[in-house]
Ligand code: ATP
Ligand code: MG
Ligand code: MG
């Protein structure tokens with residue numbers, strides 16, 4: 001039987017493993033947290049990412065993939081030459097560092113918001129003006145769910161934000177007046193075959209993804225343009241495996257790439273229940289070098305994240321689970337994680353036979369999830 005190793009054991013690894021087992025493929029995750037979500041559906045090597053025995057076990061698999069981009073370089077070094085790691089180290093180096101990522105996106109012909117790389121105090125001078133006077137300072141490394149970001153509209157605020165982040169390497173981006181946010185998965189096999197996921201429309205709340213909807217309500221030509229940019233980046237970066245691009249769609253059909261995740265993405269979870277193959281199966285097939293088609297859902301579908309929320313008096317607010325079960329077209333996906341405010345704990349997918357039914361059910365579902 002074939003075998004797949006995964007670096008990281010969070011919810012993405014959990015869902016990758018759930019999609020992999022029916023393909024006849026065994027999954028091994030290397031993950032230091034004994035309570036990580038993937039422990040329940042994969043062989044869990046509970047050890048640091050750089051543990052020699054853990055890396056030996058991954059090296060014995062047919063291929064290794066990852067569920068987050070911040071795996072230590074030493075772990076990738078420990079696997080080099082022993083087993084294919086997909087996506088590879090070069091792509092991961094770019095996608096985990098905002099400044100390098102943006103430069104590499106531009107080099108590949110993709111469009112981005114205006115930005116200035118800030119790696120020493122002198123670079124602060126004139127930076128805000130250069131991006132249009134309204135900016136977002138983002139740390140180059142380790143940010144997610146809007147952490148490590150500050151909106152700034154004055155040079156003073158920019159200096160204060162940079163100090164607050166401790167003077168680490170950052171990127172100052174111009175704030176983009178987007179009409180909507182969309183995302184697209186692209187996969188590329190080691191042989192260079194490219195396939196795409198659905199174009200999905202995303203709404204964020206407090207920096208965290210709240211809902212994703214398929215199909216995205218975009219003007220004609222936007223999906224083709226997104227695919228074109230995604231293919232250019234996948235080819236230029238030599239993608240092996242799957243990555244997801246987040247875009248800002250401006251008025252008209254202009255698309256700017258916000259960032260790239262070198263893996264399945266929260267906005268793609270709706271593919272689990274939309275009919276076609278899921279983004280998780282797509283990543284596994286691309287990583288194992290199996291033939292792959294586009295993974296577009298067959299039905300309109302949506303996803304709402306379940307995030308740890310507290311009431312004004314500090315009480316944990318639960319979704320109305322019975323109400324969710326009673327609403328037609330819902331499917332619940334939980335990650336078996338301890339409750340914490342602001343933490344992604346699960347998601348609810350929703351399907352419907354047509355777009356207007358989807359919209360009506362989504363409005364109801366939103367009232368059931370705080
Ligand atoms: P994640 O990795 O969880 O998607 P992140 O912390 O890496 O999030 P970004 O994706 O860069 O953060 O930004 C989070 C959200 O903030 C975006 O989805 C968008 O809603 C808003 N945002 C970020 N950059 C800009 C920008 N330049 N102009 C307007 N809005 C922005
Ligand atoms: Mg990000
Ligand atoms: Mg993002």
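Laboratory data are not the source of any read-out in this text; all were calculated from the coordinates shown. Bear in mind that the values here come from a model prediction, so they are computed numbers and not experimental data. Ideal geometry is used to build each Cβ from the backbone, glycine not excepted, and the neighbour counts take in all protein chains shown.
Rounded, prolate or oblate: which fits segment 2-85, taking a ≥ b ≥ c as square roots of the Cα gyration tensor eigenvalues, rounded meaning a/c under 1.5, else prolate when a/b beats b/c? It is oblate, given that a/c is not under 1.5 and a/b is not larger than b/c.
Length gain on complete extension for the stretch residue 157 to residue 123, per 0.36 nm per residue less the alpha carbon to alpha carbon distance? Let's see the in-between values first.
On the way: separation 34, 0.36 × 34 = 12.24 nm, distance 1.46 nm.
Stretched fully, the residue 157-residue 123 segment lengthens by 10.8 nm.
Take 283-296, 151-164 and order them by the average number of nearby Cβ atoms within 10 Å per residue, most first; the result is 283-296, 151-164. Modelled spin-label separation between residue 144 and residue 2, with each label point placed 7 Å from Cα along the Cα-to-Cβ direction: 2.6 nm. Would you give the gap between the C-alpha center of segment 30-65 and the C-alpha center of segment 199-276, rounded to a whole Å? With segment 30-65 and segment 199-276 each reduced to a Cα centre, they are spaced 29 Å.
What is the distance in Å between the Cα centres of segment 295-317 and segment 74-144? Each part's Cα centre sits 29 Å from the other's. Computed per residue of the chain from DSSP H runs no shorter than four, each worth -39500 (n - 2.57), the mean residue ellipticity at 222 nm is -7500 deg cm²/dmol. From most to least packed by mean Cβ count within 10 Å, the peptides 91-100, 200-209 give 91-100, 200-209.
Assuming R0 = 22 Å, can you tell me the calculated FRET efficiency for the pair residue 343 and residue 311, based on Cβ-Cβ distance, to the nearest 0.05? Spell out each step's value before the answer.
Details: r = 16 Å, r/R0 = 0.74.
After rounding, the FRET efficiency stands at 0.85.
Sorting 7-14, 51-58, 215-222 by average packing, meaning the other beta carbons within 10 Å per residue, from highest down gives 7-14, 51-58, 215-222. Estimated at 0.36 nm per residue, the fully extended path between residue 355 and residue 193 surpasses their Cα-Cα distance by 55.2 nm.
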